[in-house]
Amino acid sequence: MSSPAAPCVGLVVVSHSSRIAEGTAELAGQMAGPDVRIVPAGGMEDGAIGTDAARIAMAIGEADAGSGVVVLADLGSAVLATRTALELLGNPENVRLSRGPIVEGAIIAAVQASTGSSLDEVLEAAEGAASLPKG
């Protein structure tokens, strides 16, 4: 009898736009399959453009299946809101903020996570997406 597989690293997609966060999470989820928790945290509660540290903190909790979470953010203030969310959570050791691009990084990180890779391997994949050739 084989032991159950460890849970996959989760992802949080932080964008100023709820539609961008949701679309990116949807695309990454289609590429990775159902075992990877990918949670969008875009826009404000009322649907306005912006980021909300409390929403990001809740998304991190939802994405974490036990193997950690990689967060991908779109712009500078989304990064600041994510850092505030991490402070609200007591700066958990199992959460990493990626410097990679939000869309390509989320897709590559999701696929990497689906293979059962470690938190640091998923982070490296997300950040490596910044150097992908497009032409």
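Could you check how many residues of region 17-55 are more than 20 Å from Ala109 (Cβ to Cβ) and either of a type in the set (A, V, I, L, M) or part of a strand (DSSP E or B) (or both)? Total meeting the criteria: 5.
Select, from Leu123, Leu72, Leu86, the only residue that is under 23 Å from Met44 (Cβ atoms), modelled with pLDDT of 95 or more and assigned to a helix (DSSP H, G or I). Let's see the steps before the verdict.
Details: Leu123 fails: under 23 Å from Met44 (Cβ atoms); Leu72 fails: assigned to a helix (DSSP H, G or I).
Answer to the check: Leu86.
Only a single criterion out of (1) open to solvent by 40 Å² or more (accessible area, probe 1.4 Å); (2) of a type outside the set (Ser, Thr, Tyr); (3) within 19 Å of Ala25 (Cβ to Cβ) is not satisfied by Gly66, namely (3). One residue stands out among those in region 89-120 that are farther than 25 Å from Arg19 by Cβ, in a loop (DSSP other than H, G, I, E, B) and not polar (S, T, N, Q): the one that is least open to solvent (accessible area, probe 1.4 Å), which is Pro92.
Going through (1) within 13 Å of the chain's Cα centre (by Cα); (2) part of a loop (DSSP other than H, G, I, E, B) one by one, Met58 falls short only on (2). Can Ala54 be described as touching a strand residue (DSSP E or B) at 6+ places or on another chain (Cβ under 8 Å) and small (Gly, Ala, Ser)? The answer is no for Ala54.
Within region 5-16, the residues that satisfy the criterion of being part of a loop (DSSP other than H, G, I, E, B) and either buried (at least 17 other Cβ atoms within 10 Å of the Cβ) or at pLDDT 95 or above (or both) are Cys8, Val9, His16.
Within region 40-52, the only residue that satisfies the criterion of being open to solvent by less than 10 Å² (accessible area, probe 1.4 Å) and either of a type in the set (A, V, I, L, M, F, W, C) or within 10 Å of the chain's Cα centre (by Cα) (or both) is Ala41.
The values are calculated or read from the model by the stated rules, or taken from the named source; none is laboratory data. Please read these numbers as outputs of a predicted model, since none were measured by experiment. Positions of Cβ are generated from backbone atoms using ideal geometry, with glycine treated the same way; all protein chains shown enter the neighbour counts. When the accessible area is computed, the model is the full protein with side chains, heavy atoms only, and any ligands, DNA or RNA have been set aside. Shrake-Rupley method; radii C 1.70, N 1.55, O 1.52, S 1.80 Å.
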